[in-house]
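Have a look at the structure below before the remarks.
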Amino acid sequence: MSAPSARPAHRRTGRWPWRLGLAAAAVYVFLYAPILWLALVSFNDSRTVSTFTGFSLRWYGELVRDERVLSALLLSLRLAAVSAVLATVIGTLAAFGLRRAFRGRGLWTTLLALPLVVPEVVLGVSLLAFCVVLLGVPFGFGALLLAHVTFSLSYVVVVVRARLAGLDPRVEEAAADLGAGPFTRWRTVTLPLIAPAIGAGGAFAFVLSFDDVVTSGYLTGVGSTTLPVFVYGQARRGVSPEIVALSTAMVTASAVVLLIGVGVTVWRARRAGAASVLGSPS
């Protein structure tokens, strides 16, 4: 009696790869087609957005000469930089604190994650009541800074905690066996290993602060209008070529910051991996 023929090792996938690829392409088109259209229209020489008459940098030149745009841009950059630094420092310390087991850690973890799921409108109203009504902070840079640190802090904690959870505890134990104290272990071992995560969290905090419009709209005061709030206010009057060019510049700047942050994170991670391979005994 002959033995049964062996089945092929591979599975028949049929048309699924083609269909999945088409679905993925449709998702990317849905996400990025409006941005590409926005970038194309920003180089339109016509004042009417719907009519294309030729390529020109005219509207970008108008932005450079607009004092309102420059003032809002400088405020947004300063606010994003300061809030990103504060959120990164506080978020990193909070991630280290939540690394250890203690009573109530689950509650604190939930509280830190709330800004990730709470709607921005609710968050803006609550920060308005807390910063302005309860603490008495006037509308303007101070209230904006407190609000931006509050909602960007959670992202830093999540990123840094994920990296801390992936650390091999034997590395710190080996440093302790060699006589390194707690601070020396933290400075020479732990901190370099989580530096890419800290940088990524800081980049996220910067972009979130720079692009925020909902929360900032509740706390903006006279002379302290951020760039996204300015764009929103101008867009309510009608979509003009200047606003299209400004929106394109903001999207490009945010993408560049994120790409730089991700690139530095990947480079440092690969460098650390290569160093560990070279340093391991053969």
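Since every read-out is calculated from the coordinates, none of them should be taken as a lab result. Just so we're clear, the structure is a prediction, and the values are computed from it rather than from any experiment. Every residue, glycine as well, gets a Cβ built from its backbone with ideal geometry; the counts of neighbours run over all protein chains shown.
With the convex hull drawn over the C-alpha atoms of the chain, the volume per residue is 271 Å³. Label-to-label distance for ASP45 and ALA180 is 6.3 nm, based on points extended 7 Å past Cα in the beta-carbon direction.
Extending 7 Å from Cα along the Cβ direction at VAL125 and again at ALA25 yields two label points whose distance is 4.5 nm.
As a length-normalised measure over Cα pairs under 8 Å and 6 or more apart, the relative contact order of segment 111-250 settles at 33 percent. Entry for segment 34-113 at q = 0.12, 0.23 Å⁻¹: log10 I(q)/I(0) = -0.64, -1.06, Debye formula applied to identical alpha-carbon scatterers, no solvent contribution. Across the alpha-carbon atoms of segment 186-261, the computed radius of gyration and Dmax are 16.6, 55 angstrom. In this rough spin-label picture, where each label sits 7 Å from Cα along the Cβ direction, the ARG170-LEU38 distance is 4.9 nm. Here the ratio of the Cα radius of gyration of segment 31-179 to 2.2 N^0.38 Å is 1.53.
In the chain, Cα pairs under 8 Å separated by at least six residues give a relative contact order of 28 percent.
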